[in-house]
Amino acid sequence: MRIRNDLRCLQCTLALIVVLLSTLSHAERPRIGLALGGGGARGAAHIGVLRELERHRVPIDAIAGTSMGAIVGGLYAAGMSTDELEEVVATLDWVDALSDSASRKDLSFRRKQDDAQYPINFELGIRDSELLLPMGVIAGQKLDLILRELTLGVSHVADFDDLPIPFRAIATDIERGEAYVMGEGDLAKAIRASMSVPGVFAPLRIGDRLLVDGGIVGNMPIDVVRQMDVDIVIAVDVEFPLYTADELTSALTISEQMLTILIRKETLRQIDSLAENDILIRPELGTFASSDFAQIAQTVEPGVRATAAETQRLEKLSVTEREFADYLARRAIKPDPRGKLAFVRVAHDRRVSPAILASRLQVEAGDPIDSERLAADAERLFGLGLYEQVSYQLIEENGATGVEFLARAKSWGPNILQFAVSLENDFEGATAFNLGTRLTMTGLNPHGGEWQTDLQLGTDPALLSELYQPFGNASQFFVAPRIDLRQYNINAFVADSAIARYRISETELGLDLGAEIKSFGEFRIGAYYGTGRGKVKVGDPLIPNVEFDTGGVLGRLRFDTRDDSRFPRRGIRADLSWRQSLPGLGADERFNSLQSEIDATWSRGKNSLQLGLSYATTVSAEDSIENFFPLGGFLRLSGLERGEISGPHAALARLVYYRRVGESAGGLFDVPVYLGVSAEAGNAWESRSDIRFDTAHFNGSVFAGLDTIIGPVYLAAGFAEGGRSNVYLFFGAPPR
């Protein structure tokens, strides 16, 4: 019996020793912190570093990241695997993500018209007679929604120490000129603030801090991660190297060098603080550009190789397979326990009725939490064109989870200036040039009233002003008083021969009632009154000038479902208008006129095909020059001079094919290039009885097009029957 008791005591003693040794062994494992520096697209090398650390079974206990290091580090700390990280950076459309252009399907119809008529992607603000610039080229609308989707599983975590791996993001307080370390709050917002490159991204306000990219004051956050109770620091340096003397050949490269030196100075100070047991990893990235997001996946492997070069030191930090499996299980993303939305609301800082904003939302209380649907609603609010950024946040109230959409007004608003430039030159003396600006005064009242004024200078000067006033909250019905002043040229014909070119000046007052058709259309009816004068500019001086009065009622129906106003891949644009001229409302004569234009686009792969039809006619009218419809110019009978033919009846059909050529460069300033051809048939007739297929002019064109920040740019050659041809340089949208 005694021997049995002694054996039992010996077994308990041995078991206790094993437990103590295991505990002692676990306690002796050093805590490892990871410092991930900024470097734009070069920062994807961090993923390769993480992958190789996992291969060596090196657990990470804390992460601090700056800029791209904050993206990779924050998502890894939130539980994302290295495979998931690599898939994100490799498949993400970075050009689209690093832009603020709302999808056209999310734009209101009025904003679609802005997009088509004023294609320059730049706005100025006017406030208290002062011109205001945006605080950055990019507000970060799409990037914010992407980060929210990627961090949705941990959106309930307010303390970054409670993430699967404790995390810190470093930003720069642009007001105080100091580093700001974020260890709590909204993870997506913290990551976004850390990468707000000044001048490119707008600063982000968190609390009382106005934050920009942390790389300015702390691109290598070694000191931050060391303060997170770690024993060993692994630092990853992906900064762009200094140029050599042979590479410093321009003011641009010298300016870049100056900025690199300023950032590098603090980075080197941080690196000098590394202890003997710390590890510095520098992937060999050469001169891989920080903005080369198209090739971003190529930087992952250099991160792997640079980490593998430290194998001997990393093996000392390796844990057992079982311990590492437990570590991976602890940091895996857990399903969000919150099931359905208890409430949905919008927080905003504009003078807009909540009903208008609520009408744009599709998610409702009781719906499941779905990041795609939440992002889609945020984009629909952004499509109103009133806000600099629209985000969302899941919040807890009284034990329930709801969503709050956060709409931040344009810092350069509320009155917005947009710009357009158009140039058409056939290199034979026929040139048309117009420079336009549109002032939109928004927030006139809670119902969404706005006042829009267009000023155009050049070949076709114009001054147009319209007050757009919906009848009530979220109402699709509106009233729109307007005034139009225009000048343009038009040719007069006798027996198909141009005898004069008139300069037409028109003034028109109108009052329209209308209704928006969801976000893709608009219908109007109204009354108008105007006066005009036609002065002979080219032709026999004995040809008389003309004066005329107009007045009557009108109707207009417009649709626009195109995915792009410049080089659409799909969608329909239609514009149908009818006018009844009435002497009782001031017109010289009674007649009807009808104008219709429609085009539809289909695409497959990089190829697009567009069919366009237009028809205009005047019924029961004298051959008054002010009622003529012009044709001629690029894509409107391309072999003829701009506006070369005109008449009271006109028709045009065109078939346009274009293909996007080459691969996208993928950089922030990617300029798509298209090659295309067109076939066109049409004419202008003095009499409707003359409208026949055999009297049509057949034209065509070949062109190269670029989708630039100032709008589409074309270089085209137009061809007409009889060997006539034109060469065009065209800026801006082709005339419709």
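The values are calculated or read from the model by the stated rules, or taken from the named source; none is laboratory data. Here the structure is a predicted model, which is why all the values come from computation and not from measurement. Note that each Cβ is placed from the backbone with ideal geometry, even for glycine, and that neighbours are counted across all protein chains shown. What goes into the accessible areas is simple: the full protein's heavy atoms, side chains included, and nothing from ligands, DNA or RNA. Shrake-Rupley method; radii C 1.70, N 1.55, O 1.52, S 1.80 Å.
Values as computed for the structure displayed
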{"quantity": "Descending principal axes extents, region 480-613, alpha-carbon based, whole Å", "calculated": "58, 37, 23"}
{"quantity": "Segments 592-604, 64-76 sorted - mean Cβ within 10 Å per residue, highest first", "calculated": "64-76, 592-604"}
{"quantity": "Selected from Leu328, Ser194, Pro470, residue furthest toward positive end of dipole (the chain; charges at beta carbon)", "calculated": "Leu328"}
{"quantity": "Volume per residue of the C-alpha convex hull in region 408-495, rounded to whole Å³", "calculated": "162"}
{"quantity": "FRET efficiency, 1/(1 + (r/R0)^6) with R0 35 Å, evaluated for Val677 and Val538 via beta carbons", "calculated": "0.60"}
{"quantity": "Extension reserve of the Asp161-Glu428 stretch, reckoned as 0.36 nm per residue once the Cα distance is removed", "calculated": "89.1 nm"}
{"quantity": "Cα-only Debye scattering, region 554-680: base-10 log of I(q)/I(0) at q = 0.13, 0.16, 0.22 Å⁻¹", "calculated": "-0.67, -0.89, -1.28"}
{"quantity": "Cβ-Cβ FRET estimate between Leu613 and Leu280, R0 fixed at 51 Å, reported to 0.05", "calculated": "0.15"}
{"quantity": "Length-normalised contact order of the chain in % [C-alpha pairs under 8 Å, at least 6 apart]", "calculated": "11"}
{"quantity": "Residues whose placed amide H lies under 5 Å from that of Tyr728, excluding near-sequence neighbours", "calculated": "Ala716, Ala717, Gly718"}
{"quantity": "222 nm mean residue ellipticity, helices alone, for the chain (DSSP H n ≥ 4; -39,500 (n - 2.57); rounded to 500)", "calculated": "-6500 deg cm²/dmol"}
{"quantity": "Translational diffusion coefficient (Stokes-Einstein; Kirkwood radius from C-alpha pairs) of region 452-538 at 20 °C, 1.002 mPa s, in µm²/s", "calculated": "140"}
{"quantity": "5 Å-binned pair-distance histogram of region 174-246 (Cα, whole percent)", "calculated": "3, 13, 22, 21, 18, 12, 6, 3, 1, 0"}
{"quantity": "Estimated inter-spin distance, Ser596 and Ala297, nm [label 7 Å along Cα→Cβ]", "calculated": "4.9"}
{"quantity": "For the chain: accessible area per residue (Å², 1.4 Å)", "calculated": "47"}
{"quantity": "Distance in nm between pseudo-label sites at Ile710 and Ser359 (7 Å out along the Cβ direction from Cα)", "calculated": "3.9"}
{"quantity": "Burial ranking of peptide ranges 31-42, 430-441 (average Cβ count within 10 Å, highest at the top)", "calculated": "31-42, 430-441"}
{"quantity": "Extension gain from Gln227 to Leu268, taking 0.36 nm per residue of separation minus the Cα-Cα distance", "calculated": "12.9 nm"}
{"quantity": "Whole-Hz ³J(HN,Hα) from phi, Karplus 6.51 cos²θ - 1.76 cosθ + 1.60, for region 311-318, glycine and proline x", "calculated": "3, 4, 7, 6, 4, 6, 9, 6"}
{"quantity": "Tilt relative to the chain, helix 82-91 - C-alpha long axis, 0 to 90 degrees, to 10", "calculated": "20"}
{"quantity": "Volume per residue of the C-alpha convex hull in region 300-364, rounded to whole Å³", "calculated": "218"}
{"quantity": "Alpha-carbon Rg/Rh ratio, for region 45-125, with Rh computed the Kirkwood way", "calculated": "1.21"}
{"quantity": "Extension gain from Arg31 to Ile525, taking 0.36 nm per residue of separation minus the Cα-Cα distance", "calculated": "170.5 nm"}
{"quantity": "Nearest 10 degrees, 0 to 90: helix 251-272 Cα axis against the chain principal axis", "calculated": "20"}
{"quantity": "Compactness of region 308-458 as Cα Rg over 2.2 N^0.38 Å, two decimals", "calculated": "1.76"}
{"quantity": "Simple spin-label estimate for Trp451 and Val137 in nanometres, 7 Å along Cα-Cβ", "calculated": "3.5"}
{"quantity": "Rg over Rh [alpha-carbon atoms, Kirkwood Rh] for the chain", "calculated": "1.09"}
{"quantity": "Highest average packing first - 247-260, 279-292, Cβ atoms within 10 Å", "calculated": "279-292, 247-260"}
{"quantity": "Folded to 0 to 90 degrees: helix 321-331 orientation relative to the chain principal axis, Cα", "calculated": "40"}
{"quantity": "Efficiency of FRET between Asn545 and Glu404 - r from beta-carbon atoms, R0 51 angstrom, step 0.05", "calculated": "0.20"}
